[in-house]
Amino acid sequence: MFNSTQDVKQALLAQKYIANRKLATVVYLAYKLRKPLLIEGPAGVGKTELAKALAQALETDLIRLQCYEGLDEAKALFEWNYQKQLLRIQSSGGRTWEDTKADIFTEEFYLARPLLKALKAEEKVVLLVDELDKSDEEFESFLLEALSDYQVSIPELGTVKATSIPVVILTSNNYREFSDALKRRCIHLYIDYPSYERELEIVRLKVEGIQEALAGQVVKFVQALRKMVLKKAPSISETLDWARTLVLLGSEGLDEEVVADTLSVILKYQQDIAKVEERLGGFLASIISEGN
Amino acid sequence: MEKQILYLVQQLRKAGVRVTLAETLDSLEALRLVEWDRDSFYATLQATLVKNQRDYRVFDKLFGLIFDPDYFLHRDKTAKFRHLLKPKEGPDCQGEPCDGSGEGKSMGGPQQGQGRPGTPAQRFVQVIKMGNQQEMMDLIREGLAGLGTLTEKHLEDREDALRRIKVFLEWKTGELHLEKQAGEVDEETFLDWQARLAQLEQLLVDALEAALVAEFKERALEDILERHNLNQMDFYQLSQEQVVEMKRIITRLAHKLATRVSRRMVRAKGGKMDIQRTMRKSMASGGIPINPAYRTRKPTKPQLVVLCDISGSVKVFSEFMLQLVYSMQQKFAHVRSFVFVDTVDEITVYFHNREVAEAMAEVYNRAIFSQTGFSDYGKSILEFRQRYGNSVNGKTTVIILGDGRNNYRRPELEHLQWIKDNAKKVFWLNPEPQERWNKEDSIIGLYQTMVDRLLECRNMGQLERVVRQIF
């Protein structure tokens with residue numbers, strides 16, 4: 001469906017996702033080379049959002065596998081539906097064991113989890129393995145098999161090969177390192193905080209009814225915050241939340257009162273809020289004067 | 001082209017970036033798919049060859065040196081700082097791909113630049129205030145010229161060369177001027193200045209490296225790459241940026257350790273069956289026990305006592321270790337940490353509910369660890385036994401960090417012996433290179449007999465290995 005990086009860029013833009021040249025190139029490559037795309041970067045810069053936008057752009061389903069500590073094959077790949085199998089055995093009455101065995105290990109009796117669903121999907125889907133860094137290392141090695149050949153082995157069913165190769169997106173917050181074996185198989189993309197222009201573009205696109213002046217001030221303020229040493233720097237999603245809040249409150253420009261009231265939308269730690277509040281006057285003065 | 005890419009891969013490997021053959025093939029295949037402009041070329045190579053954000057810097061450096069020296073000057077670096085540039089400074093060419101060499105793209109007006117009157121320091125201040133890219137480059141070029149012809153000496157001692165350039169540019173005087181004026185401007189402007197200062201410094205390092213590579217080719221390149229290999233670099237030689245990077249790595253290492261323990265617990269589960277819970281669970285499947293439940297075993301938590309020398313000679317390393325301890329203390333309950341120079345103090349409490357930087361500052365402000373400023377291992381060990389001896393028992397692992405340079409004082413071996421007899425294990429980590437052990441006032445050999453293991457630990461690679469051995 002994508003035939004050039006330009007296609008990718010356009011398609012994503014249609015889904016209100018602004019891709020820069022690099023991002024478009026890398027997505028295009030992952031798509032064309034049929035390799036998983038490993039996206040890293042700080043929280044809230046649009047890693048998951050990219051997967052969603054991509055699924056919409058390709059007009060296909062998004063299958064999401066959220067990782068957490070202790071996630072295992074049974075939750076990710078498939079599991080036999082024991083209860084249903086039991087019912088079947090009990091209700092089958094006088095049938096022979098051979099018959100029953102052939103019966104209960106069939107498709108009707110398993111629960112397909114995200115990974116298997118993605119492989120068995122008729123059409124090309126987007127498989128999002130979210131926050132892979134939260135999973136255990138064993139799961140990572142299990143994923144390797146699935147991702148390198150797009151097939152998995154299940155003892156009772158044999159090898160399941162993908163009907164159509166899904167677009168795989170792995171995201172990570174850098175909570176831990178991945179093995180070289182996994183990285184080797186992926187195309188790597190690091191998304192950083194956006195530049196002023198790009199963030200402004202995003203705010204304009206995503207926040208309805210925002211005035212030009214306010215958008216500029218909001219982005220400038222957030223960009224200035226990112227230069228400070230904070231526990232958690234605000235990311236794009238926080239910028240957007242803040243801009244929406246300000247629009248709702250009907251403010252036309254930033255002033256000390258409004259900012260102090262809404263600071264908790266962009267900063268998530270009390271220490272950070274205190275730190276910024278201290279210097280709020282200086283910050284705002286320079287931002288507002290520059291705007292004029 | 002292929003040759004050049006293979007060369008790039010080779011150099012990346014020398015710098016400690018692991019690039020496999022499969023990845024090289026990927027990159028070649030990928031290049032067939034994209035248009036050949038600077039951006040795509042760069043993005044393609046980076047996405048296929050480098051899978052770790054911390055290796056991006058090496059990659060950028062090599063990419064610049066091998067393919068396109070002007071790339072970063074005019075695109076990525078400026079993109080980050082672009083909004084800081086005032087519009088009056090002329091046409092902005094960073095948005096579109098700059099064709100041709102960067103030299104011709106003058107961003108400053110003709111009246112600015114070379115012919116500016118005033119001392120170098122004044123110009124320096126001016127450049128930082130304006131943040132004009134072209135002027136920055138001019139300044140750096142002048143600085144490099146001030147160094148004269150590049151010789152072997154500059155290659156061997158890059159720091160010295162850098163310092164000379166800075167002296168020539170009156171860098172320090174300029175910085176002082178800026179600091180004096182800091183009070184008169186608002187917060188954001190000052191932050192901008194700082195960002196530009198850092199940028200200028202980076203540009204200067206880059207320019208010097210490029211010049212060295214142009215002059216000495218391979219040899220200079222190898223030298224530069226070695227400096228980027230964090231795993232192999234001595235802790236002492238790290239640049240400030242690398243220290244920051246290292247801290248991030250250490251936090252991750254601590255996390256890895258914590259999860260490793262939890263994984264062991266998961267494994268250990270397959271032990272005794274818990275009949276009660278198995279029965280209860282079997283109700284869901286009509287009384288047939290399909291999923292047996294096991295008794296969960298309580299894991300023994302490692303009890304740690306960490307003793308860090310934080311005197312000048314080993315400070316850098318100790319700080320890394322303290323950071324590791326800090327990160328672990330968040331995960332394990334039984335960690336007690338102590339610092340010493342010639343007297344010992346417990347710092348465990350400073351680490352509770354604090355950010356790491358704040359905690360470290362607290363340690364330096366509040367803990368009492370130095371009376372004379374010279375390390376005295378003997379006295380510290382003696383005091384540790386007297387004051388905190390009860391923290392050592394059969395379950396504790398004691399880790400001592402230091403170079404064993406005792407300034408010719410009493411070693412107090414019997415007290416270390418006591419610690420060894422009472423603790424489960426005693427490890428000594430020495431950040432000094434092995435060939436310097438037992439020379440001058442180092443009595444590490446004496447202490448070696450009183451600990452279970454003595455390990456050299458002077459770079460990240462070794463630290464990682466050591467930490468795995470201990471836990």
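None of the figures in this text is laboratory data; all of them are computed from the coordinates on show. The structure presented is a predicted model; accordingly, all values stated were derived computationally and were not measured. Neighbour counts are summed over all protein chains in view; Cβ atoms, including those assigned to glycine, are modelled from backbone coordinates with ideal geometry.
Data for the structure
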| quantity | calculated |
| --- | --- |
| Rg and Dmax of the stretch B:137-190, Cα atoms only, in Å | 14.7, 45 |
| Listed peptides B:272-284, B:22-34 by packing density, highest first (mean Cβ within 10 Å) | B:22-34, B:272-284 |
| Cα extents of the protein assembly as shown along the three principal axes, largest first (Å) | 105, 75, 61 |
| Residue with peak Gaussian network fluctuation, chain A [Cα springs, cutoff 10 Å], from A:80, A:242, A:97 | A:97 |
| Partner chain coverage, peptide A:181-188 - average Cβ within 10 angstrom | 6 |
| Rounded to 5, percent antiparallel among DSSP beta bridges of the protein assembly as shown | 25 percent |
| Using alpha-carbon coordinates, inclination of helix A:196-206 to the longest axis of chain A, degrees | 70 degrees |
| Mean residue ellipticity (222 nm) of the protein assembly as shown, computed from DSSP H runs ≥ 4 via -39,500 (n - 2.57), nearest 500 | -16500 deg cm²/dmol |
| Candidates per chymotrypsin sites (Phe, Trp or Tyr not before Pro) in the stretch B:1-57, loop by DSSP, up to 14 other Cβ within 10 Å | B:36 |
| Label-to-label distance, nm, for residues given as residue A:14 and residue B:425 (7 Å Cα→Cβ offset) | 6.0 nm |
| Nearest-20 debye value, the protein assembly as shown charge dipole, Cβ charges on Lys, Arg, Asp, Glu | 2860 debye |
| Where N is the number of residues in the stretch A:55-211, Cα Rg divided by 2.2 N^0.38 Å | 1.37 |
| Per-residue average of Cβ from other chains inside 10 Å of A:32-44 | 2 |
| Histogram of C-alpha separations across the stretch B:387-471, 5 Å bin width, % | 3, 14, 25, 23, 19, 12, 4, 0 |
| Residue with peak Gaussian network fluctuation, chain A [Cα springs, cutoff 10 Å], from A:261, A:136, A:99 | A:99 |
| Exposure proxy ranking, count of Cβ atoms within 10 Å, fewest first, for B:454, A:38 | B:454, A:38 |
| Percent RCO, i.e. relative contact order, over chain A, from Cα pairs under 8 Å lying at least 6 residues apart | 21 percent |
| Nearest-ten-degree value, helix A:270-291 long axis tilted from longest Cα axis of chain A | 60 degrees |
| Under 5 Å, built H, 5+ apart or other chain: amide partners of residue B:303 | B:397 |
| Estimated Rh, the stretch A:196-291: Kirkwood, alpha-carbon pairs, angstrom | 13.2 Å |
| The stretch A:196-291 - charge dipole about Cα centre, Lys and Arg +1 at Cβ, Asp and Glu -1, debye rounded to 20 | 500 debye |
| Karplus 3J(HN,Hα) series, Hz, for the stretch B:197-207 with 6.51 cos²θ - 1.76 cosθ + 1.60 (x for Gly, Pro) | 4, 4, 5, 4, 4, 5, 4, 5, 4, 4, 5 |
| Between helix A:137-149 and chain A: long-axis angle, C-alpha atoms, 0 to 90°, nearest 10 | 80 degrees |
| Leading residue at positive end of dipole, the protein assembly as shown (Cβ point charges), from B:372, B:58, A:158 | A:158 |
| Which listed pairs, of A:120/B:281; B:395/B:420; A:227/B:247, have C-alpha distances above 23 Å, in listed order | A:120/B:281 |
| Subset of A:16/A:183; A:231/B:51; A:32/B:217; A:75/B:272 violating a 32 Å alpha-carbon distance limit | A:32/B:217 |
| Equivalent ellipsoid dimensions for the stretch B:300-470 as semi-axes, Å, which come from the Cα gyration tensor, largest first | 22, 18, 17 |
| Dimensions in Å of the stretch B:2-66 - Rg and Dmax from alpha carbons | 10.7, 30 |
| Tail fraction, Cα-Cα pairs, the stretch A:6-110, threshold 24 Å, whole percent | 49 percent |
| Candidates A:129, A:219, A:276: whichever shows maximal mean-square fluctuation once chain A is modelled as a Gaussian network with Cα springs under 10 Å | A:276 |
| Measure of compaction for chain A (Cα Rg per 2.2 N^0.38 Å) | 1.26 |
